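Note sheet for the following structure.
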Amino acid sequence: MVKDITPIMPNQENFPKAKVDNIPKGDGSFKDMLSGFIKEVNDLQLGADESIKKLATGEVKDVHQVMLAMSEADVSFKLMMEMRKKLMEAYKEVMKTQV
């Protein structure tokens, strides 16, 4: 008799929760949503810059936290650039269509 193999699930407590507080619930415009995402990416970039300055001045001793802030800012910036790329491709595709 073969037993079913159960998948190993990661401990969800170790992962940060997604930020859904600033996502509009359908009452905002696309422009508002996009500017909110850009503001959040900018805030992450500024936070990473601040943590680097604090590490350089000796205020922060934990290099791990600084690296996490830098990585989070980097990933969010790359995601924003990919979204921009896809939006530009979609815009070009729409402009090619004949009416």
Looking at the range 68-81 only, could you name the residues that are over 9 Å from the mean Cα position of the chain (by Cα) and surrounded by 14 or more Cβ atoms within 10 Å (Cβ to Cβ)? 68, 69, 70
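I need a count of the residues in the range 1-51 that are surrounded by 10 or more Cβ atoms within 10 Å (Cβ to Cβ), modelled with pLDDT under 60 and not β-branched (Val, Ile, Thr).
Step one: list which residues in the range 1-51 are surrounded by 10 or more Cβ atoms within 10 Å (Cβ to Cβ), which gives 22-24, 28, 32-51.
Narrowing the set further to residues that are modelled with pLDDT under 60 leaves 22-24.
Of the ones still in play, those that are also not β-branched (Val, Ile, Thr) are 22, 24.
Here the count works out to 2.
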Can you name the condition, by its number, that residue 83 falls short on among (1) under 20 Å from residue 31 (Cβ atoms); (2) modelled with pLDDT of 95 or more? (2)
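For residue 80, state whether it is part of a helix (DSSP H, G or I) and out of contact with any Phe, Trp or Tyr (no Cβ under 8 Å at 6 or more places or on another chain).
On the way: part of a helix (DSSP H, G or I): yes; out of contact with any Phe, Trp or Tyr (no Cβ under 8 Å at 6 or more places or on another chain): no.
No: the conditions fail for residue 80.
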How do the pairs read when you match residues in the range 72-99 that are farther than 12 Å from residue 38 by Cα with residues anywhere that are surrounded by 11 or more Cβ atoms within 10 Å (Cβ to Cβ) and among the β-branched types (Val, Ile, Thr), using Cβ under 8 Å and keeping only pairs 6 or more apart or on different chains? none
Using beta carbons and a limit of 7 Å, which pairs, at least six apart or on different chains, have the first residue in the range 35-61 and at negative phi and the second one at pLDDT below 90? 36/22; 40/22; 51/60; 54/60
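The values are calculated or read from the model by the stated rules, or taken from the named source; none is laboratory data. Quantities reported herein were computed from a predicted structural model and do not represent experimental measurements. Ideal geometry is used to build each Cβ from the backbone, glycine not excepted, and the neighbour counts take in all protein chains shown.
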